[in-house]
Structures are given as structure tokens and as C-alpha cells.
1. For the chain, what is the largest minus smallest coordinate of the Cα atoms on each principal axis, given in angstrom and ordered from greatest to least?
2. When LEU77, LEU254, LEU24 are ordered from fewest to most other Cβ atoms inside 10 Å of their Cβ, what list results?
3. Could you go through segment 83-88 in sequence order and give the Karplus-derived ³J(HN,Hα) for each residue, using 6.51 cos²θ - 1.76 cosθ + 1.60 with θ = phi - 60°, rounded to whole Hz, and x for Gly and Pro?
4. Placing unit charges on C-beta atoms (Lys and Arg positive, Asp and Glu negative, everything else neutral), compute the dipole magnitude of segment 33-119 about its Cα centre in debye, rounded to 20.
5. Mean shadow of segment 137-260, computed from the convex hull of its alpha carbons, in nm²?
6. For segment 109-252, build the charge dipole from Cβ charges (+1 Lys, Arg; -1 Asp, Glu) around the Cα centre, then report which of ILE187, ILE157, ILE175 sits farthest towards its positive end.
7. What angle, in degrees between 0 and 90 and rounded to the nearest 10, separates the Cα long axis of helix 44-54 from the longest principal axis of the Cα atoms of the chain?
8. To the nearest 20 debye, what charge dipole does the chain have about its Cα centre, counting +1 at the Cβ of each Lys and Arg and -1 at the Cβ of each Asp and Glu?
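What follows is calculated from the coordinates using simple rules that are stated; it is not laboratory data. On a predicted model such as this, the values are computed, not experimentally measured, just so you know. When we count neighbours, we look across all protein chains shown, and the Cβ atoms used for this are built from the backbone with ideal geometry, even at glycine.
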Amino acid sequence: MAGYLDEVGGPMTLDETWDLTYWLFWQAGVDRIKISTDPVTGNIPNGEQLYQENCAVCHGSEGEGITAPALANQSALAHNSDEFIRHAIIHGREDTPMTPWKDILSDTEINDITAFIRSRASGWKQEKPVLQAIPTPDEYVINPDGEDPDFTLTDGIYVSSPDLLEALNSKKRMIIFDTRATSVWQIAHIEGSFPLPYYSDFNKYKEEFPLDVQIVAYCSCPRAAAEYVVNKLRGIGYQKTAVLYEGLFGWQYLGYPVTRRDIAAGGDE
């Protein structure tokens, strides 16, 4: 889940995020669960051990989030009560991989994990994101003096990760679009990519990019957003377009490089 607040590189103001939150609640048509604000007490060291044994595989040993949300999130810990955390552990989260733990862990063990997560509110440090500068139009084309890639597209649209990597290593001339929310481009992206989120106004980009340069778009879902963007671009005249078949996560799974930015220090890895 990318961040959509403008402060982290997203497209929405804080007021707009609240408006969307209330609209979603209204659309859901469900009764609100009353959650206590009373603190949950438990054995923190035991909770840490239980967390590492049962939760870290998805939420990360440092709460950084792997396949599940990051719990080392000071904003979330500040806005969610102990009972909210406990309720999520007991009952799980509907329509997500987070299953109920009420039949696996005892009430005492769940209290211990809750107390441990709450104890990390001061141990997991929140840093204000250091946002990278968005590439300017003169930086759209990477390797502008290079040769064009000669991709063989599957189904007329898909390029494979090995083929894209070879083109990058060979310094081929391309434009690479990251079609996710800009906030996640800020965290990790394929080097040389330009953020063009799927929610962009594509009409304003008509004739913005050279028509004779190969465009490759990627996302992480693994292809839906990129396919949407490419279809939009083809609709306004950009025919030399392709979608990275495996998406960014597949690219990373293959061990291929991404540019990361340390949010606290602002340094590349």
C-alpha cells in the first residue's frame, strides 16, 4: 500500500485523505466496532519472543513490513489504541492474509504481543521522509546517445526482466516509467525510471515524450497499473511502449538492482 499523502510524495492532501476515509466507511455499510482506549498490559519480553516466532515472517523482525504492513509506524502506533492492535490479532483482518490468532495463541500471549508492539512506540524511530527530486523532462530519456533496444514483446506488450536488464546494461536508449504512487518510487525504483502514476492526467503528457524512443512501464501488482498506463499512452500516439511482465517485485525477486533511498539519511544504496 503506497502512501497517498502529499507529504510523502502522494497526490492527496490531508483533508482529502480524511474525506476518502469517511466515504469508504459510508460505502462499507458496516457497524462500527467500539474499541476501548484502555491500555493492554502484558509481559513485554515474552511478547517480543512470540512476535519473532509468529509475526516477524510477515511484519519483519524490526517491524519494517515484508508481505504485511509495517508495524514500526509511529503514526499508526500514535493513532491506534492497544485494544485496536489486540482486536486485529484476535480476529485478523477480513479479506487479507492476516488470519485470526484467537485459536492459536492464548489471551495472555496476545496481550504480551500487544504490549510488546506498544512498547516499540518509542523504540521504532520515526523520521521525516527525505524526498528525492523528481526527474525533469530533459532526464526522461536514459542513455540518449545509445542504440534502441530490440525487444521481442510477448502478446505485443510484455518485455521480460532479463531482456530489460540486458538493455540497461547495454546502455540502450529508453524511457522507463514507474506507474505506482510517487511515494513508493521514492522508496525504491529501477534506476533511471521516471514516476508516472496511473492516476496521472495523460492528456497533459501528449507530445511530452519523444515518439521514437522505447518506453517501458512497470508497477508492482504486478502489471495492472503499468498496462493501464501503456494503454493510455498508446491511445495518445505512443506505440513504442511495453510493460515489464514480472513487475518490480518480480524484478527484485530475480536479484536485479533497484535504487533505494534511506529515508532517514537520504543516501543511495
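1. On the principal axes, the chain reaches 64, 38, 36 Å in Cα extent.
2. LEU24, LEU254, LEU77
3. In residue order, the calculated couplings are 5, 5, 4, 4, 4, 5 Hz.
4. Rounded to the nearest 20 debye, it is 200 debye.
5. 6.9
6. ILE187
7. 50
8. Dipole of the chain, to the nearest 20 debye: 240 debye.
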